[in-house]
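Student: Below you'll find the structure I mean.
The values are calculated or read from the model by the stated rules, or taken from the named source; none is laboratory data. Since we're looking at a predicted model, the values are computed, not measured. As a convention, Cβ positions derive from the backbone with ideal geometry for all residues, glycine included, and neighbour counts pool all protein chains shown. Calculation scope for accessible area: heavy atoms of the full protein, side chains included, ligands and nucleic acids excluded. Shrake-Rupley method; radii C 1.70, N 1.55, O 1.52, S 1.80 Å.
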Number of protein chains: 2
Amino acid sequence: VSTQTSERFQQQVSFLLEVDKLKTVLRQTVLTDGSRRENSAEHSWHLSLLALFLQEYTAEEVDVTRVMKMVLVHDLVEIDAGDTFFYDTDAEGKEQREKAAAERIFNLLPEDQAAELFSLWDEFEARETAEARYAYALDRFQPVLHNLQTEGHGWRQHGVTLEQVIERNQPMEEGAPELWRYVRQRLDEAVEKGHLGKG
Amino acid sequence: VSTQTSERFQQQVSFLLEVDKLKTVLRQTVLTDGSRRENSAEHSWHLSLLALFLQEYTAEEVDVTRVMKMVLVHDLVEIDAGDTFFYDTDAEGKEQREKAAAERIFNLLPEDQAAELFSLWDEFEARETAEARYAYALDRFQPVLHNLQTEGHGWRQHGVTLEQVIERNQPMEEGAPELWRYVRQRLDEAVEKGHLGKG
């Protein structure tokens with residue numbers, strides 16, 4: 001049996017075809033031109049570029065390769081579990097759904113590669129390393145940037161208030177304090193312009 | 001002046017907002033469920049996962065981080081230059097358009113980061129390193145995989161023949177010989193099934 005028709009290769013191809021579905025998972029955030037909702041695959045791509053070009057703003061020095069890998073795979077579980085809107089407080093069962101999704105999707109890969117994927121995803125979710133905290137900060141920063149760029153499109157649509165945005169996004173400070181300071185200032189401007197309401 | 005409102009930070013944010021436009025550049029390839037055309041941002045994301053999980057099939061050992069960075073940025077020039085259909089032989093002016101695009105887009109970044117981006121893009125385009133040849137092979141492999149998965153959707157739509165697919169994709173062999181052997185075999189099957197015509 002040649003390598004390329006081996007079971008291992010078939011597993012890898014199955015996984016790489018399966019992840020294509022992330023392109024159909026829609027987020028609440030719209031593109032910066034407001035034309036349509038963003039999907040989770042292109043969002044992940046965008047985060048990898050943020051990781052690369054904003055690394056000087058991390059709280060601690062990070063292994064940026066690890067961060068890029070984390071953001072590229074952090075949303076794969078949404079293929080089964082869907083995107084949970086960030087300000088949705090009724091997100092019960094989310095953790096369980098996502099764990100089941102990880103089990104199904106990651107295990108399409110050969111065991112060693114599935115283990116690598118679990119390791120990346122678990123690290124991201126736990127937020128206990130500098131890399132995970134930076135990755136998490138970027139995952140918060142990018143939608144805020146889109147909201148600021150589209151006059152609060154997502155915020156206004158869902159009636160999100162300044163207080164909610166602060167509460168949900170301030171943890172960004174841990175991984176990338178300067179990004180949070182920038183955001184905090186822009187949020188006040190957004191309120192002044194009427195793009196974001198107060199509670 | 002605090003760091004986050006510095007000129008450097010403003011340049012980085014401008015660049016990171018600008019690249020959002022890659023999500024609106026449509027390719028000829030459709031998603032594996034056939035629902036719509038793929039955009040270049042999600043395509044780049046997909047390639048980064050291929051890079052990570054197929055690295056054992058490279059012709060020579062590669063620095064996979066470098067490959068991932070290359071595939072993540074290789075299509076940015078399309079924001080200005082558009083996607084050139086791969087079997088379009090009338091792609092005159094493409095190189096010039098893409099160079100002008102790189103100049104405008106990469107130079108939104110601070111000089112040191114723009115230089116990093118030029119280095120990645122030039123390396124990808126020149127195909128002279130093992131990393132670039134692998135990245136190029138993946139950029140060929142993924143659309144073929146999508147075509148095989150969608151009963152030759154893109155091939156049939158554009159009347160592409162087996163001979164054309166071979167001619168255009170065989171260079172894949174240099175960077176990832178086993179991927180090419182797999183593709184070559186699947187192409188014959190596609191012809192048998194009527195998903196790909198012969199010239």
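Student: Rounded to the nearest 20 Debye, what is the dipole magnitude of the range A:130-199 about its Cα centre when Lys and Arg each give +1 and Asp and Glu each give -1 at the C-beta?
Tutor: 160
Student: Given springs between every Cα pair under 10 Å in a Gaussian network model of chain A, which of A:Ser44, A:Ser35, A:Ser119 has the largest fluctuation?
Tutor: Greatest mean-square fluctuation among the candidates belongs to A:Ser35.
Student: In addition: Going toward the positive end of the dipole of chain A, with +1 on Lys and Arg Cβ and -1 on Asp and Glu Cβ, which of A:Phe124, A:Asn39, A:Gly154 do you reach last?
Tutor: In chain A, that residue is A:Gly154.
Student: A further question on this structure: Rounded, prolate or oblate for the protein assembly as shown? Axes are the square roots of the Cα gyration tensor eigenvalues, ordered a ≥ b ≥ c, and the cut-off for rounded is a/c under 1.5.
Tutor: prolate
Student: Put a point 7 Å out from Cα along the line to Cβ at B:Ala126; what are the distances to that point in the other copies, in nm, shortest first?
Tutor: Spelled out, the distances from B:Ala126's label point are 4.1 nm.
Student: Taking a ≥ b ≥ c as the square roots of the eigenvalues of the Cα gyration tensor of the range B:24-78, is the shape rounded (a/c under 1.5), prolate (a/b larger than b/c) or oblate?
Tutor: The shape class here is oblate.
Student: OK, next. Which residues of the range A:49-72 bury at least 50 Å² of accessible area once all protein chains are present, versus their chain alone (1.4 Å probe)?
Tutor: Buried by the other chains: A:Leu49, A:Leu52, A:Phe53, A:Glu56, A:Tyr57, A:Lys69, A:Leu72.
Student: Would you calculate, for the protein assembly as shown, the mean residue ellipticity at 222 nm contributed by helices, counting each DSSP H stretch of 4 or more residues as -39,500 (n - 2.57) and dividing by all residues, to the nearest 500?
Tutor: Roughly -19000 deg cm²/dmol at 222 nm, from the helical runs in the protein assembly as shown.
Student: Compare B:Ala132, B:Ala59, B:Ala41 in a GNM of chain B, Cα atoms joined below 10 Å, and give the one with the largest fluctuation.
Tutor: Its mean-square fluctuation being the largest, the pick is B:Ala59.
Student: Could you give the distance between the Cα centres of the range B:14-79 and the range B:106-128, to the whole Å?
Tutor: Taking the Cα centre of the range B:106-128 as reference, the centre of the range B:14-79 is 16 Å away.
Student: Which of A:Pro177, A:Pro110, A:Pro143 ends up with the largest GNM mean-square fluctuation for chain A, with Cα atoms connected below 10 Å?
Tutor: Its mean-square fluctuation being the largest, the pick is A:Pro110.
Student: Tell me: how much accessible area in total is hidden between A and B, 1.4 Å probe, Å², nearest 100?
Tutor: Buried area between the two chains comes out at roughly 4900 Å².
Student: Counting pairs of alpha carbon atoms under 8 Å apart in space and at least six apart in sequence, what relative contact order in percent does the range A:1-61 give?
Tutor: Once divided by the residue count of the range A:1-61, the mean separation gives 20 percent.
Student: Could you do me a favour and compute the accessible area per residue for chain A, 1.4 Å probe, result in Å²?
Tutor: Here the residues of chain A average 41 Å² of exposed surface.
Student: Ok, one more. Placing +1 at every Lys and Arg Cβ and -1 at every Asp and Glu Cβ, with all other atoms neutral, what dipole size does the range B:4-132 have around its Cα centre, in debye to the nearest 20?
Tutor: Dipole magnitude for the range B:4-132 comes out near 500 debye.
Student: Let me have the relative contact order for the range B:1-122, percent, based on Cα pairs under 8 Å that are six or more residues apart.
Tutor: With pairs under 8 Å counted, the relative contact order is 28 percent.
Student: Same structure again: Could you go through the range A:136-151 in sequence order and give the Karplus-derived ³J(HN,Hα) for each residue, using 6.51 cos²θ - 1.76 cosθ + 1.60 with θ = phi - 60°, rounded to whole Hz, and x for Gly and Pro?
Tutor: Coupling constants for the range A:136-151: 5, 4, 5, 5, 8, 5, 4, x, 5, 4, 5, 5, 4, 6, 10, 6 Hz.
Student: Next question. Once both labels are modelled 7 Å past Cα along the beta-carbon direction, what's the A:Arg37-B:Arg186 spacing in nm?
Tutor: About 3.0 nm separates the two model spin labels.
Student: For a test of the definition: using alpha carbon positions, the gyration tensor, and the 1.5 limit on a/c, classify the range A:90-190 as rounded, prolate or oblate.
Tutor: The shape class here is prolate.
Student: If eta is 0.692 mPa s and T is 37 °C, what Stokes-Einstein diffusion coefficient results for chain B, Kirkwood Rh from Cα pairs, in µm²/s?
Tutor: D, rounded to a whole number, is 184 µm²/s.
Student: Of B:Lys69/B:Lys94; A:Lys69/A:Lys94; A:Lys21/B:Lys21; A:Lys198/B:Lys21; A:Lys23/A:Lys99, which ones are farther than 29 Å apart at the Cα?
Tutor: A:Lys198/B:Lys21
Student: While we're on this one: What does the structure give for A:106-113 when I average, per residue, the other chain Cβ atoms found within 10 Å of the residue Cβ?
Tutor: Mean inter-chain Cβ contacts per residue within 10 Å come to 1.
Student: Tell me the label-point distance for the pair A:Asn107, B:Glu167, using the 7 Å Cα-to-Cβ offset, in nm and rounded to one decimal.
Tutor: With each label point 7 Å from Cα toward Cβ, the separation is 4.8 nm.
Student: Give the separation of the Cα centroids, the range B:177-199 to the range A:144-199, in Å.
Tutor: Cα centroid of the range B:177-199 versus Cα centroid of the range A:144-199: 51 Å apart.
Student: Between B:Arg27 and residues 5 or more places away or on another chain, which pairs have amide H atoms under 5 Å apart, with H built 1.01 Å from N, and which residues are they?
Tutor: B:Glu38, B:Asn39, B:Ser40
Student: Within the range A:1-149, what whole-number % of the accessible surface is contributed by carbon and sulfur, with the 1.4 Å probe and all protein chains included in the calculation?
Tutor: 43
Student: What does the structure give for B:25-34 when I average, per residue, the other chain Cβ atoms found within 10 Å of the residue Cβ?
Tutor: For peptide B:25-34, the averaged partner shielding equals 2.
Student: Restricting attention to the range B:1-76, which GluC sites (Glu not before Pro) occupy a DSSP loop and are surrounded by at most 16 other Cβ atoms within 10 Å?
Tutor: B:Glu60, B:Glu61
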